[in-house]
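Visitor: Here it is, the structure in full.
The values are calculated or read from the model by the stated rules, or taken from the named source; none is laboratory data. Quick caveat: nothing in here was measured; it's all calculated off a predicted structure. With ligands, DNA and RNA removed, areas are computed over all heavy atoms of the protein, side chains included. Shrake-Rupley method; radii C 1.70, N 1.55, O 1.52, S 1.80 Å.
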Amino acid sequence: MTISADGTFPDGAVRDRELAGALVAVRERIAGACAAAGRDPGEVTLVAVTKTYPAADVVRLARLGVPDIGENRDREAASKAAEVAAAGVDVRWHFVGRLQRNKCRSVVRYAHLVHSVDRPELVAALAKAGEVGVLLQVSLDRDPARGGCLLEEVPALAAAVAARPELWLRGVMAVAPIDWAPERAFALLAEVSERLRAEYPDATAISAGMSHDLEAAIGYGATHVRIGSALLGNRPPLG
Ligand SMILES: *Cc1c(COP(=O)(O)O)cnc(C)c1O
């Protein structure tokens, strides 16, 4: 799919309105959660997770004032990033998916922040590939299936990142386990963040909260919420 010079398709106006409406609703949810938590909405970065959706939607979101874009697969992200850049639109790409070592060279070319660093091999491969911000992904329920390091592995992984001048340790990330109350998950992540910040005061980011649980995440200090379906619509099931 190609983007015309003005970023629209024949049916572009319909999609523009759809995204604008969804964005208002998500911004209201973020504002409500911040009000309930006594936080400033300016502390919470909305990352629009555009996986499975075209580059044209990224361009639309950027024009609507959402410059932070998340993707979870390098192949899709790399080609979308090239398309968006070719359209002359500037966004910050966040890599939020499971990362393989052999993709690091590609990811650092477009990514501003990698949310999913969970093992020492990735630290070495990213640092060799270039300069990028890093969040440590933590597995809150110790289930390796969804990625993330174990809680007790955080200090060593943080030290490995901090030892590489090419990498900037920015904070932590987690996905709430499906069978946990989100409050339990995000309270635990807040503790992990607090311990990390005691050692690395600049590692202030907490990437937590998706479409269904952003309120709980903001209640426990999320600085980045990763929102896909509530903004873009329900994705077809992934293979
Ligand atoms: C897809 C994805 C999201 C967004 O999920 P929604 O439920 O659609 O908001 C957030 N984080 C990660 C890691 C994802 O893969």
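Visitor: Relative to the present Cα-Cα distance, how much length would full extension add between Arg235 and Glu191 at 0.36 nm per residue of separation?
Guide: Fully extending the segment from Arg235 to Glu191 adds 12.6 nm.
Visitor: Excluding ligands, DNA and RNA, what is the solvent-accessible area per residue of the chain at a probe of 1.4 Å, expressed in Å²?
Guide: Values: 11180 Å² over 239 residues.
Each residue of the chain exposes 47 Å² on average to a 1.4 Å probe.
Visitor: With the convex hull built on the Cα atoms of segment 93-142, state its orientation-averaged projected area in nm².
Guide: 3.2 nm²
Visitor: Would you compute, for the Cα atoms of segment 1-139, the largest minus smallest coordinate along each principal axis and list the three values in descending order, in whole Å?
Guide: Largest to smallest, the principal-axis extents are 44, 43, 21 Å.
Visitor: Here's another thing I want to ask about it. On the protein heavy atoms, probe 1.4 angstrom, tell me the percent of accessible surface of the chain carried by carbon and sulfur.
Guide: Looking at the chain in its full context, I get 53 percent from C and S.
Visitor: Need one word for segment 12-232: rounded, prolate or oblate. Basis is the Cα gyration tensor (sqrt eigenvalues a ≥ b ≥ c); a/c below 1.5 gives rounded, then a/b vs b/c decides.
Guide: Values: a/c = 1.84, a/b = 1.16, b/c = 1.58.
Oblate, since a/c reaches 1.5 and b/c is not below a/b.
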